[in-house]
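Some notes on the structure that comes next.
The values are calculated or read from the model by the stated rules, or taken from the named source; none is laboratory data. It should be emphasised that the depicted structure is a prediction, and the values quoted were computed from it without experimental measurement. No Cβ is skipped: glycine too gets one built from the backbone with ideal geometry, and neighbour counts run over all protein chains shown.
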Amino acid sequence: DTAVSQTPKYLVTQMGNDKSIKCEQNLGHDTMYWYKQDSKKFLKIMFSYNNKELIINETVPNRFSPKSPDKAHLNLHINSLELGDSAVYFCASSFVAGVNTGELFFGEGSRLTVL
Amino acid sequence: SQQGEEDPQALSIQEGENATMNCSYKTSINNLQWYRQNSGRGLVHLILIRSNEREKHSGRLRVTLDTSKKSSSLLITASRAADTASYFCATAGRGANNLFFGTGTRLTVIP
């Protein structure tokens with residue numbers, strides 16, 4: 001059983017379109033995250049949710065909107081896609097957040113290509 | 001920025017040799033973690049060392065932490081071709097709610 005699963009794995013779309021990436025974890029974790037990895041492999045936190053509540057919202061354009069219907073799911077919706085949004089987006093989860101941030105479990109990534 | 005930096009950016013060694021990667025960070029931390037990422041895959045947690053620990057071992061991995069220098073090292077002994085991957089350090093700062101990742105070291109182990 002996949003612990004953290006994200007769909008789709010690949011997404012190719014035109015500039016200006018709206019797209020969503022879904023993430024689900026079956027680990028019973030309270031905290032979920034979205035990270036963006038650029039072409040240089042730099043990983044940057046975008047959002048973090050703890051028990052469906054937003055706890056981190058880094059400097060991300062408001063075209064990106066996370067939605068957490070329950071603590072096992074954290075979806076990412078992107079409006080009006082731009083070329084610079086092309087990257088690999090990783091969903092992750094952890095048992096605890098805050099100062100005791102423990103091990104993160106990552107999904108396999110969703111590679112978004114904007115043409 | 002709390003982001004760490006790994007050194008070197010890339011490392012190429014022969015199978016059987018040891019590989020050492022270093023990580024430097026900027027702020028006080030609660031713990032530091034190392035992750036591996038195989039090409040086209042997600043990150044996998046390797047080891048976590050707390051700020052009050054100086055050294056930790058897990059199988060062929062040895063991690064050290066020097067909080068006075070704000071640095072950590074990851075040693076992989078007796079490397080194998082399957083160790084070829086990118087390795088990232090990540091820090092959990094005091095009061096932070098997430099991990100900040102370094103820039104990664106690309107390790108290539110030549111059979």
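Observations on the structure shown:
- The lone exception for B:V63 - which of (1) under 30 Å from A:Q6 (Cα atoms); (2) β-branched (V, I, T); (3) surrounded by 17 or more Cβ atoms within 10 Å (Cβ to Cβ) it fails: (1)
- Of all residues in segment A:2-33, those satisfying the criterion of being of a type in the set (S, T, Y) and away from every other protein chain (no Cβ under 13 Å) are A:T7, A:T13, A:S20.
- Screening B:L65 with (1) out of contact with any Cys (no Cβ under 6 Å at 6 or more places or on another chain); (2) within 14 Å of chain A (Cβ to nearest Cβ) gives one miss only, at (2).
- Members of segment A:8-50 that are exposed (fewer than 13 other Cβ atoms within 10 Å of the Cβ) and among the hydroxyl-bearing types (S, T, Y): A:Y10, A:S39
- Here A:T31 clears all of (1) more than 18 Å from A:L104 (Cβ to Cβ); (2) touching a residue at least 40 places away in the same chain (Cβ under 8 Å) except the condition numbered (1).
- Within segment A:80-95, the set of residues being surrounded by 14 or more Cβ atoms within 10 Å (Cβ to Cβ) and over 14 Å from the mean Cα position of the chain (by Cα) comprises A:L81, A:F95.
- Of all residues in segment A:49-60 being in a loop (DSSP other than H, G, I, E, B) and under 29 Å from B:T105 (Cα atoms), the one that is farthest from the other protein chains (Cβ to nearest Cβ): A:V60
- Options A:L27, A:L112, A:L43: the member that is closer than 24 Å to B:A90 by Cβ and touching a helix residue (DSSP H, G or I) at 6+ places or on another chain (Cβ under 7 Å): A:L112
- Filter pass, A:E53 being modelled with pLDDT under 95, farther than 22 Å from B:F101 by Cβ and exposed (fewer than 14 other Cβ atoms within 10 Å of the Cβ): yes
For (1) surrounded by fewer than 21 Cβ atoms within 10 Å (Cβ to Cβ); (2) hydroxyl-bearing (S, T, Y), each residue gets a yes or a no:
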position	(1), (2)
B:K26	yes, no
B:I47	yes, no
B:S72	no, yes
B:A78	yes, no
B:A82	yes, no
B:T108	yes, yes
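- Checking each residue in segment B:26-47 for being within 14 Å of chain A (Cβ to nearest Cβ) and either farther than 24 Å from A:V88 by Cβ or hydroxyl-bearing (S, T, Y) (or both) picks out B:T27, B:S28, B:I29, B:N30, B:N31, B:Y35, B:S39.
- Search result, residues across segment B:68-108 that are without any contact (Cβ under 8 Å) to a residue 12 or more places away in the chain and within 14 Å of chain A (Cβ to nearest Cβ): B:G95, B:N97, B:N98
- Looking across segment A:34-48, the residues that are over 20 Å from B:N97 (Cβ atoms) and either more than 7 Å from chain B (Cβ to nearest Cβ) or among the polar types (S, T, N, Q) (or both) come down to A:D38, A:S39, A:K40.
- Output for segment B:1-10, where each listed residue is closer than 20 Å to B:L65 by Cβ and either touching a helix residue (DSSP H, G or I) at 6+ places or on another chain (Cβ under 8 Å) or modelled with pLDDT of 90 or more (or both): B:P8
- Strands (runs of 3 or more DSSP E) completely within segment B:61-111 that count 1 or more residues being more than 10 Å from the chain's Cα centre (by Cα) and aromatic (F, W, Y): B:99-101
- Checked against the criterion of being of a type in the set (K, R) and not in a strand (DSSP E or B), the candidates A:K40, A:K67 yield just one match: A:K40.
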